[in-house]
Amino acid sequence: MKDTMTYAFPDLTRLYNPQSIAVVGASDKAHSIGNHAMINIVEHSKFAGRIYPVNPKQEQVMGLDCYPDVASLPEPVDVIIVVIPARGVRTAVEQAGEMGVKFAVILTSGFSEADDWGRAEEAALVEISQRTGIRLYGPNCPGLVNLSVPLGMTFSPAFKDDLTPGPIGLATQGGGLGRNMLQHGDRGVGIACWSSSGNECDLQVADFVHHMADDPDVKVIGCLIEGFKDGARFAAACRHAAEMGKPVVGLKVGRSDYGARAAQSHTASITGSAEVNSAMFRQLGVIEVHDLDELVDVAQLLARKLPSGDERIAVFASSGGAASLCADNVGASDLELSEFTAETLARLAEVLPDYAAIDNPIDTTSISISHPEAYGQALLAAATDANTGLVLAPLPMDYGSYTEHNAGLLAEVQAQTDIPVVPIWMSERTGAGYRVLAEAGLTPFRSLRNMGLAVRRWIEYGKWRAARDAGWSPLVAQTGSQPLPETTRTLTEAEGKRELVAAGVPATAPEVAATALEASDIAQRFGAPLAMKIVSAQIAHKSDIGGVMLQVAPGEAARAFDVIMSNARAARPDATLDGVLIEPMAQEGGIEAFVGVARDPVFGPVMTFGLGGIYVEVFRDVTRRVLPVSRDMAFEMMTELQSAPLLKGARGQSPRDLDALADLIVAVSDYVAANPEVSELDINPVWVGAQGQGVVALDAVIVVAA
């Protein structure tokens, strides 16, 4: 499906690589924000462009001539960095926009995250941006750094200590947490650039992801997201990154109600449903992680090599216990050890002593101390094995100079192969050996648990990449993110089923009786055990109020009509009762599934699928996809359920008609995509027969915008 909305992502080249900068609020006053911002540019960056301090109270700042206001600048600079109190920001940005400044990086807080005045001021800034063309970064943010220069447009006093360049681009909304990831440079994680976007009154994470996808210095993009300003725009940026071969690793705050509330108050963005966010991430190929160290671990591994998805693992250690424990974690993480070729086994037997374990996992024993050259030769044999896609090297203790030497051997072997050689530093003592690994770019994992998470994410990304449907695009890319309707109405079941049948969804063809006599006549025509249900636009959950009777004999239909109507009047005296729906019961032997669609304000319509009964009510065994859902996706949803064996025919049962079920899922997706007024749809249950018997929607609730 092709995107029909046009996303005019801005050219951010002059934001990340400006030729001229003005610091509004520059100061010589020690410990002031304006002083830190100037020091980071003048002393700790290698910025070769022009710098203009702006401060009406000083003639010079750090030896540079100072200007009283933005309007007095000798040229329209590429970037103004704004570090003055909130009440002066609007004037500075207005002057900058009018003279043709391209970007304003607003570090100042006190806007939409604070109070009504701040929200009004932020809206005024947006109006200036739209009127003059100046693009706004922030407000309420720590700034932007480009370590490929390096250039720090930030007030952070830690900038000077976080200058490890590398292939990872970071786009975060939170400032402190973004800085945390920069400080992984101490273990060899190199960062190309970091954007921390704050309130995102104009530029947002999606814009930075799109820019980094085109940046030759960036191989992997890491995102820390608290809320989405525009879900459709984020999806478009991530699709562009995938097209450019740049993996995106995403950490979304708000997986619990506590986190969602905190994130929304922090960034004034829409946090969204965690389940929907995860579904969207999965379909876009965004690798979802749940903590900062996991984000960094996965990103650095992807930066070293893009996986194919079928990698098998070799474990190489000088400790039998470490080898066994590492192999155990490989298995527990659903990873697979490689089987060494005969040539590899012969080479290992040649260089290692008889008492060493040469099958995978390898235990070289104490030769790492006594014969380090043999240690290096054995490692090279494992790393060049034809069946091995990654080598794990757990290091359980620091043996000082011996570990330092062996770390150098790991780096030497890595230089001879593109198969990642991945150390796992298990000791709390980080000596010279640790620094050798970090400086060589062999970023050590800090635990076997972290290793398992990161390597599994790495391989899963390779599988996604291999199976990626490059033509798929989320429906929200055509419609844009839309707010939920303020008022809705619910179709009756009979109306809903007529809609579904017209859309190609197999459903029963019920009739509605307005009187007991009509119920008897309809029942006699059907002549089979019947399902009877109350019909009322105000009653969605019919069984909860005694509004459903099943297995009704045709001769009992009139009495059943009276019972259902009486129950409904007692439970909902305010409801309009249109009568009782009557239809034949589904044949015996089927199992029940459900298919539902709800509209998410960030990412649009999302389908939920699962089996009925306790599997959804007790075990919450469901899977989700953002629309549109293709036939391949429908089969993926079936196999992802923990209860999937019931569909395939567990314990001697007949396999279900999965082809027909997939067709129903796709038809529902197509129906919602073609009818934007549908706010919610719930088919529960779907009767799923044995192979060849088909499927039938037995109940349907459709909610539409009023």
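Kindly establish whether Asp328 is outside any loop (DSSP other than H, G, I, E, B), at pLDDT below 95 and either of a type in the set (Ser, Thr, Tyr) or open to solvent by 30 Å² or more (accessible area, probe 1.4 Å) (or both). Reasoning before the result, please.
On the way: outside any loop (DSSP other than H, G, I, E, B): yes; at pLDDT below 95: no; either of a type in the set (Ser, Thr, Tyr) or open to solvent by 30 Å² or more (accessible area, probe 1.4 Å) (or both): yes.
No: the conditions fail for Asp328.
Quick check on region 500-534: of everything there that is under 46 Å from the mean Cα position of the chain (by Cα) and open to solvent by 70 Å² or more (accessible area, probe 1.4 Å), which residue is modelled with the lowest pLDDT?
Selected residue: Ala509.
Among residues belonging to region 374-417 that are among the polar types (S, T, N, Q) and assigned to a loop (DSSP other than H, G, I, E, B), point out the one that is most open to solvent (accessible area, probe 1.4 Å). If you could, list the steps in order and put the result at the bottom.
Filtering region 374-417 for residues among the polar types (S, T, N, Q) gives 377, 384, 387-388, 401, 403, 406, 414, 416-417.
From what's left, assigned to a loop (DSSP other than H, G, I, E, B): 384, 387-388, 416-417.
Numbers: Thr384: 82, Asn387: 74, Thr388: 9, Gln416: 116, Thr417: 26 Å².
Taking the candidates together, the pick is Gln416.
Output the residues belonging to region 574-602 that are closer than 21 Å to Val703 by Cβ and hydrophobic (A, V, I, L, M, F, W, C).
Going through region 574-602, the residues closer than 21 Å to Val703 by Cβ turn out to be 574-579, 581, 593-602.
Residues satisfying the conditions are Ala575, Leu577, Leu581, Ala593, Phe594, Val595, Val597, Ala598, Val602.
So Asn146 fits all but one of (1) closer than 16 Å to Thr13 by Cα; (2) under 23 Å from the mean Cα position of the chain (by Cα); what number is the exception?
Against the list (1) closer than 16 Å to Thr13 by Cα; (2) under 23 Å from the mean Cα position of the chain (by Cα), Asn146 comes up short only on (2).
Can you name every residue in region 650-662 that is modelled with pLDDT of 90 or more and part of a helix (DSSP H, G or I)?
Within region 650-662, the first condition is being modelled with pLDDT of 90 or more, and the residues that meet it are 655-662.
Leu658, Asp659, Ala660, Leu661, Ala662, listed by residue number.
Quick one: Asp670 ticks every box in (1) acidic (Asp, Glu); (2) surrounded by fewer than 16 Cβ atoms within 10 Å (Cβ to Cβ); (3) within 27 Å of the chain's Cα centre (by Cα) bar one, so which box is it?
Unmet condition: (2).
Where in region 494-598 are there strands (runs of 3 or more DSSP E), lying fully within it, with 3 or more residues that are among the aliphatic types (A, V, I, L, M) and touching a residue at least 60 places away in the same chain (Cβ under 8 Å)?
Per the criteria, 579-584.
For region 204-224, give me each residue that is aliphatic (A, V, I, L, M) and assigned to a helix (DSSP H, G or I). Before you say what the answer is, go through the steps one by one.
Of the residues in region 204-224, the ones aliphatic (A, V, I, L, M) are 205-206, 209, 212-213, 218, 220-221, 224.
Answer for region 204-224, where residues must be aliphatic (A, V, I, L, M) and assigned to a helix (DSSP H, G or I): Val205, Ala206, Val209, Met212, Ala213.
Just to check your reading of the model, which residue among Pro150, Pro165 is at pLDDT 95 or above, of a type outside the set (Asp, Glu), open to solvent by 60 Å² or more (accessible area, probe 1.4 Å) and closer than 30 Å to Ala440 by Cβ? Break it down into steps so the answer makes sense when it comes.
Working: Pro150 fails: open to solvent by 60 Å² or more (accessible area, probe 1.4 Å).
When all the criteria are applied, what remains is Pro165.
Could you grab me the full set of residues in region 628-649 that are outside any helix (DSSP H, G or I) and closer than 14 Å to Ala593 by Cα? Don't jump to the end; show me each part of the working.
So in region 628-649, the residues outside any helix (DSSP H, G or I) come out as 628-630, 641-643, 649.
The answer is Leu641, Gln642, Ser643.
Looking only at region 225-252, how many residues end up being within 19 Å of Pro167 (Cβ to Cβ), part of a helix (DSSP H, G or I) and among the aliphatic types (A, V, I, L, M)? Quick ask: steps written out before the conclusion?
Kept after step one, since they are within 19 Å of Pro167 (Cβ to Cβ), are these residues of region 225-252: 237-238, 240-251.
Okay, now just the ones that are also part of a helix (DSSP H, G or I), so 237-238, 240-243.
Adding the requirement that they be among the aliphatic types (A, V, I, L, M) leaves 237, 241-242.
The qualifying residues number 3.
Inside region 180-204, can you point out the residues that are within 21 Å of His290 (Cβ to Cβ) and in contact with a Ser or Thr (Cβ under 6 Å, 6 or more places away or on another chain)?
Answer for region 180-204, where residues must be within 21 Å of His290 (Cβ to Cβ) and in contact with a Ser or Thr (Cβ under 6 Å, 6 or more places away or on another chain): Arg187, Val189, Ser196.
Report yes if some residue within region 72-88 is closer than 27 Å to Asp207 by Cα, touching a residue at least 12 places away in the same chain (Cβ under 8 Å) and more than 40 Å from the chain's Cα centre (by Cα); otherwise report no.
yes
Looking at region 36-60, which of its residues are closer than 16 Å to Val149 by Cα and in a loop (DSSP other than H, G, I, E, B)?
Glu43, His44, Ser45, Lys46, Phe47, Ala48, Gly49, listed by residue number.
Just to be sure before I move on: is Asn675 surrounded by fewer than 19 Cβ atoms within 10 Å (Cβ to Cβ) and within 28 Å of the chain's Cα centre (by Cα) in the structure I sent?
On the way: surrounded by fewer than 19 Cβ atoms within 10 Å (Cβ to Cβ): yes; within 28 Å of the chain's Cα centre (by Cα): yes.
Taking the combined requirement at face value, the residue satisfies it.
Do the conditions hold for Cys201, that is, is it touching a strand residue (DSSP E or B) at 6+ places or on another chain (Cβ under 8 Å), hydrophobic (A, V, I, L, M, F, W, C), open to solvent by 10 Å² or more (accessible area, probe 1.4 Å) and assigned to a loop (DSSP other than H, G, I, E, B)? Please lay out each step first, then the result.
Numbers: touching a strand residue (DSSP E or B) at 6+ places or on another chain (Cβ under 8 Å): yes; hydrophobic (A, V, I, L, M, F, W, C): yes; open to solvent by 10 Å² or more (accessible area, probe 1.4 Å): yes; assigned to a loop (DSSP other than H, G, I, E, B): yes.
Answer is yes for this residue.
Quickly run through region 206-218 and pick out the residues that are open to solvent by 10 Å² or more (accessible area, probe 1.4 Å) and in contact with a Phe, Trp or Tyr (Cβ under 8 Å, 6 or more places away or on another chain). I'd like the intermediate steps shown before the answer.
So the first thing to find is which residues in region 206-218 are open to solvent by 10 Å² or more (accessible area, probe 1.4 Å), and the list is 210-211, 214-217.
Those that are open to solvent by 10 Å² or more (accessible area, probe 1.4 Å) and in contact with a Phe, Trp or Tyr (Cβ under 8 Å, 6 or more places away or on another chain): His210, His211, Asp215.
Looking at region 174-182, can you tell me whether even one residue there is open to solvent by 20 Å² or more (accessible area, probe 1.4 Å), among the aliphatic types (A, V, I, L, M) and under 25 Å from the mean Cα position of the chain (by Cα)?
Yes - at least one qualifying residue is present in region 174-182.
Show the residue pairs that are 6+ apart or on different chains and have beta-carbon atoms under 6 Å apart, the first residue being within region 148-170 and farther than 19 Å from Asp215 by Cα, the second being assigned to a strand (DSSP E or B).
Thr154/Gly143; Thr154/Val145; Phe159/Gly152
Would you check which residues across region 331-347 are of a type in the set (Val, Ile, Thr) and outside any loop (DSSP other than H, G, I, E, B) and list them? Walk me through it before giving the result.
First pass over region 331-347, keeping only residues of a type in the set (Val, Ile, Thr): 341, 344.
Across region 331-347, the qualifying residue is only Thr344.
Inspect all residues belonging to region 303-312 and state whether any of them is more than 40 Å from the chain's Cα centre (by Cα), of a type in the set (Lys, Arg) and either assigned to a helix (DSSP H, G or I) or at pLDDT below 95 (or both).
At the first step, the residues of region 303-312 found to be more than 40 Å from the chain's Cα centre (by Cα) are none.
Looking for residues that are more than 40 Å from the chain's Cα centre (by Cα), of a type in the set (Lys, Arg) and either assigned to a helix (DSSP H, G or I) or at pLDDT below 95 (or both), one finds none in region 303-312, hence no.
Which residues, counting only those in region 626-663, are touching a helix residue (DSSP H, G or I) at 6+ places or on another chain (Cβ under 6 Å) and among the charged types (D, E, K, R)?
Listed by number, the residues that qualify are Arg631, Arg656.
Within region 602-634, count every residue that is over 19 Å from Phe281 (Cα atoms) and either open to solvent by less than 10 Å² (accessible area, probe 1.4 Å) or out of contact with any Gly (no Cβ under 7 Å at 6 or more places or on another chain) (or both).
Restricting attention to region 602-634, the residues satisfying the condition of being over 19 Å from Phe281 (Cα atoms) are 610-621, 631.
With either open to solvent by less than 10 Å² (accessible area, probe 1.4 Å) or out of contact with any Gly (no Cβ under 7 Å at 6 or more places or on another chain) (or both) added as a condition, the list becomes 610-615, 617-620, 631.
Matching residues across region 602-634 total 11.
Please verify whether region 649-663 includes one or more residues that are hydrophobic (A, V, I, L, M, F, W, C) and under 28 Å from Met532 (Cβ atoms). Quick ask: steps written out before the conclusion?
Restricting attention to region 649-663, the residues satisfying the condition of being hydrophobic (A, V, I, L, M, F, W, C) are 650, 658, 660-662.
Checking which are under 28 Å from Met532 (Cβ atoms) leaves us with 660-661.
Yes, there is a match, as at least one residue in region 649-663 is hydrophobic (A, V, I, L, M, F, W, C) and under 28 Å from Met532 (Cβ atoms).
When you go through (1) surrounded by fewer than 20 Cβ atoms within 10 Å (Cβ to Cβ); (2) among the β-branched types (Val, Ile, Thr); (3) touching a Ser or Thr at 6+ places or on another chain (Cβ under 7 Å) one by one for Val145, which number turns out not to apply?
So Val145 meets the others, but not (1).
The values are calculated or read from the model by the stated rules, or taken from the named source; none is laboratory data. Not measured: the values here are computed from a predicted model. Positions of Cβ are backbone-derived with ideal geometry, glycine not excepted, and every protein chain shown enters the neighbour counts. What goes into the accessible areas is simple: the full protein's heavy atoms, side chains included, and nothing from ligands, DNA or RNA. Shrake-Rupley method; radii C 1.70, N 1.55, O 1.52, S 1.80 Å.
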